[in-house]
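Each remark here refers to the structure printed beneath this line.
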Amino acid sequence: MPTVTAEPIAEKPVLDLRSPSPSSTVSPPVETPVTAALVPIAGAGGVPAPTLPVFAINCGGPAVGGWSADAHFSAGSVSWGVEPGDDPVGNRQRFTHVGNLTYTLPLPTSGGSYRLTLQWKELYYDAPDDRLMRVAVAVDGRPPVTVARALDVVARAGGARRTFTLVYPPHYAPALSASTSVVVSVVGLRGSPFLSTLRLDTSGVGWSTAVNCGGPALSVAAASDGIAYVADTGYSAGSREWRRLRPLLPQHAVLRYAPPGLPGGLVYTLPVPRAGVYLVTLTWVEMFYTAAGRRLMDVYVGADAPAVATAASGLGRGGNALRLVSSGVDVYRRAGNAVDRPVSSDFWVSATSSVTVQLLGRVGGPMLSTLQVMEEGGVAPSAIFQG
């Protein structure tokens, strides 16, 4: 694929990130690149995920959970952030004032297949169009391929201090074939280029599906995250769709919920093509309640006919049929005490014919915005949530 060059954009006056607000902290202005230690990312309940990322880097920050300390960055770049709070990964970043920000990842073996997951969380600017970046990826010393022409994190994430995720190649495309190195370059078209997290995962030709819960099918071009969604399917009887009449990202504009007291809560069962290990990604957007504690959910995940039967019985438990993977999920609290902000949790499950997810409401009715199921060998779109 040829390199695509973004059109020049006139520079706007920008503030100097080396003089952040008093509540922020800055590391020394010049740092020497180091080599990362690989840290396994654990699945729900502390069980190791079936596959591990080749790299999982907390850009600009220390080792946290399943993320290794910042490494493999270009000389002269700077780490920066705000108080860690409840997001010690997202609240750090690496940026540069001069030239491009690059990460050069040496590969452990030749002839591998990979996917990159890059994340940005805008901590400095509040409005769209204040910072624009071009993102390119080069493999094995070949010319770089532009994967984002003029990335505006605030616009793509739906606001400041929200995370935008870019997966390259996207799930519907073949994985990267590489033998020696993968280089990520971020160019500042307006303002300084930065990056919050970087993951490189091994990837096979894995099956995947994504459901727009409560909503219609969305093409790759229509969704903001580069994923094609099928129309809502596989949900339990008695559940309902619901939306708010205000602008939201297309894949988060509608949700499906179960009214309080509905036996069995909200259940989704999706068929899988073959026996294997699958990554289940649940995404919620709280569009109704405006305080913590108003909606609390327990999440159960299971596989095949026993899980279907257990969910149909109205119970959220039953030996190994359905496993409690997260309890008391409070989407409003996890979103930083805010509405309209997506939060996600990832879980691994072994299945032969189907995957079942059951959401039971402790307080309020359980709901879900999107549901993704991906065969082992695909890339997890975010860090594995430990319930």
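The values are calculated or read from the model by the stated rules, or taken from the named source; none is laboratory data. From a predicted model like this one, the values you see are computed outputs, not experimental measurements. Heads up, the Cβs are rebuilt from the backbone with ideal geometry, glycines too, and the neighbour counts pull from every protein chain shown. These accessible areas exclude ligands, DNA and RNA; they are computed on the full protein's heavy atoms, side chains included. Shrake-Rupley method; radii C 1.70, N 1.55, O 1.52, S 1.80 Å.
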Which one of these does Phe194 not meet: (1) farther than 30 Å from Ser179 by Cβ; (2) open to solvent by less than 40 Å² (accessible area, probe 1.4 Å); (3) modelled with pLDDT of 95 or more?
(1)
Only one residue in Val280, Val299, Val220 is within 30 Å of Ile57 (Cβ to Cβ) and out of contact with any strand residue (DSSP E or B) (no Cβ under 7 Å at 6 or more places or on another chain), so which one is that?
Val220
If you scan the stretch 202-239, which residues turn out to be in contact with a Gly (Cβ under 7 Å, 6 or more places away or on another chain), open to solvent by 20 Å² or more (accessible area, probe 1.4 Å) and of a type outside the set (A, V, I, L, M, F, W, C)?
Thr202, Gly204, Gly206, Ser208, Asp232, Ser236
Check every one of the strands (runs of 3 or more DSSP E) wholly within the stretch 233-318 and list those with 2 or more residues that are within 21 Å of Arg341 (Cα to Cα) and in contact with a helix residue (DSSP H, G or I) (Cβ under 7 Å, 6 or more places away or on another chain).
276-285
Checking the condition over 27 Å from Tyr124 (Cβ atoms), basic (Lys, Arg) and either modelled with pLDDT under 90 or open to solvent by less than 30 Å² (accessible area, probe 1.4 Å) (or both), which residue from Arg244, Arg199 passes?
Arg244
Ser177 vs (1) farther than 30 Å from Ala312 by Cα; (2) free of Cβ contacts under 8 Å to residues at least 60 places away in the same chain: all pass except (2)
Test result for Ser177, open to solvent by 20 Å² or more (accessible area, probe 1.4 Å) and assigned to a strand (DSSP E or B)
yes
With the condition being polar (S, T, N, Q) and under 30 Å from Asn337 (Cβ atoms), I'd like the strands (runs of 3 or more DSSP E) fully within the stretch 81-151 carrying at least 1 qualifying residues.
92-95, 112-121
Only one residue in Leu151, Leu101 is over 21 Å from the mean Cα position of the chain (by Cα), crowded, with 22+ Cβ neighbours inside 10 Å and not aromatic (Phe, Trp, Tyr). Which one?
Leu101
What number of residues in the stretch 325-354 are of a type in the set (A, V, I, L, M, F, W, C), under 30 Å from Lys121 (Cβ atoms) and outside any loop (DSSP other than H, G, I, E, B)?
7
Any residue in the stretch 210-229 that is at positive phi and in a loop (DSSP other than H, G, I, E, B)?
yes
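Identify, from the list Val145, Val153, Val187, the residue that is touching a strand residue (DSSP E or B) at 6+ places or on another chain (Cβ under 6 Å), within 20 Å of Asp87 (Cβ to Cβ), touching a residue at least 12 places away in the same chain (Cβ under 8 Å) and of a type outside the set (S, T, N, Q).
Selected residue: Val153, the only one of Val145, Val153, Val187 that is touching a strand residue (DSSP E or B) at 6+ places or on another chain (Cβ under 6 Å), within 20 Å of Asp87 (Cβ to Cβ), touching a residue at least 12 places away in the same chain (Cβ under 8 Å) and of a type outside the set (S, T, N, Q).
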